[in-house]
1. Listed residues His183, His126; which is closer than 23 Å to Tyr57 by Cβ, of a type outside the set (D, E, K, R) and open to solvent by 10 Å² or more (accessible area, probe 1.4 Å)?
2. I want to confirm something. Restricting to the range 146-180 and keeping residues that are open to solvent by less than 10 Å² (accessible area, probe 1.4 Å) and outside any helix (DSSP H, G or I), which single residue is modelled with the lowest pLDDT?
3. Which residue pairs have Cβ atoms closer than 8 Å, lie 6 or more positions apart in sequence or on different chains, and pair a first residue in the range 180-208 that is on the phi > 0 side of the Ramachandran plot with a second residue that is open to solvent by 40 Å² or more (accessible area, probe 1.4 Å) and outside any strand (DSSP E or B)?
4. I'd like to check something: does the range 11-19 contain any residue that is among the charged types (D, E, K, R) and within 16 Å of ligand 1 (Cβ to nearest atom)?
5. Restricting the search to the range 193-234, which residues are closer than 20 Å to Ser7 by Cβ, out of contact with any helix residue (DSSP H, G or I) (no Cβ under 8 Å at 6 or more places or on another chain) and within 16 Å of ligand 2 (Cβ to nearest atom)?
6. Just to confirm my filter: which strands (runs of 3 or more DSSP E) fall fully inside the range 1-104 and include at least 1 residues that are open to solvent by 10 Å² or more (accessible area, probe 1.4 Å) and of a type in the set (D, E, K, R)?
Amino acid sequence: MVIERLSTGVKGLDEIINGGIPRGFTVAVVGEPGTGKTVFCIHFISSGLSKGEKGIYVTTEESRESIIKQAQLFGFDFNSDLEKGNLIIIDALMGEKSDPWSLRDIEIEELLSKIIEARRLLGKGHVRLVIDSMSAFWLDKPAMARKYSYMVKRILSKWDMTIVLTSQYAVTTSLGFGFGIEHVADGILRFRKTVIGGVLKRFLVVEKMRQTDHDKRVFEIDIVNGKGIVIIGPYK
Ligand SMILES: Nc1ncnc2c1ncn2[C@@H]1O[C@H](COP(=O)(O)OP(=O)(O)OP(=O)(O)O)[C@@H](O)[C@H]1O
Ligand SMILES: [Mg+2]
């Protein structure tokens, strides 16, 4: 059986995962602050939009405007896709009453119903969904991480969507607070950072990708103005 795979939008990453993310998967993108999770999500959504797919981007730690600006710096024009109705950005940070695509409360039930409303509006065809981040939903109840991740996967994957969920790892321990998303997810992309020789270096390793003979090496990456994530090569 041939597995249909979706491009991540990051040059060189699809080869590392045998051609891309299998359609319908739920992939966890995990890492400490500033490691590139949001930048990856922007690539993933943009890649779908450039192929005529539609996108839903839920942002919890940055405003919709911040995501649009960040995308613009890498050459992606989210405003035009928002106008065309191919993209819906659900802003869970600002919570403005007049904004139909915002969340009043950071609650899992509200998140799911808002995403389904957006999904219905986007109509037929495959949709890429990003929830950046899931951690916001279990901030004060880390024991719920596994259950919430499971709910998202079970309920939303019926809607012909491929899903990227980001999860934050603590600066202090390099571990997620609340565990479980890693087990529920079909794939894990682990972003890392460390200072070597007085310079901040970034890394990416595929920790899991079901149904995929993926590369096991750690890759050094960079985030470059005008481009986004650039894969430098395997870390030696
Ligand atoms: N235009 C740009 N040019 C070069 N690097 C940039 C540019 N914009 C952002 N970056 C880099 O990307 C980093 C932010 O990455 P990103 O927002 O993806 O982190 P994150 O993993 O989502 O972190 P958090 O958990 O805090 O949300 C910045 O700290 C900066 O180093
Ligand atoms: Mg982020």
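The values are calculated or read from the model by the stated rules, or taken from the named source; none is laboratory data. Computed from a predicted structure; not experimentally measured. Neighbour counts are summed over all protein chains in view; Cβ atoms, including those assigned to glycine, are modelled from backbone coordinates with ideal geometry. To get the accessible areas, we keep the full protein, side chains included, count just its heavy atoms, and leave off ligands, DNA and RNA. Shrake-Rupley method; radii C 1.70, N 1.55, O 1.52, S 1.80 Å.
1. Just a single option satisfies the conditions, and that option is His126.
2. Residue satisfying both the conditions and the ranking: Gly180.
3. Note: pairs meeting the criteria are Gly180/Arg146; Gly180/Lys147; Gly180/Tyr150.
4. yes
5. If the condition is that a residue be closer than 20 Å to Ser7 by Cβ, out of contact with any helix residue (DSSP H, G or I) (no Cβ under 8 Å at 6 or more places or on another chain) and within 16 Å of ligand 2 (Cβ to nearest atom), then Ile221 is the only one that fits.
6. Of the strands (runs of 3 or more DSSP E) lying wholly inside the range 1-104, those with at least 1 residues that are open to solvent by 10 Å² or more (accessible area, probe 1.4 Å) and of a type in the set (D, E, K, R) span 54-59.
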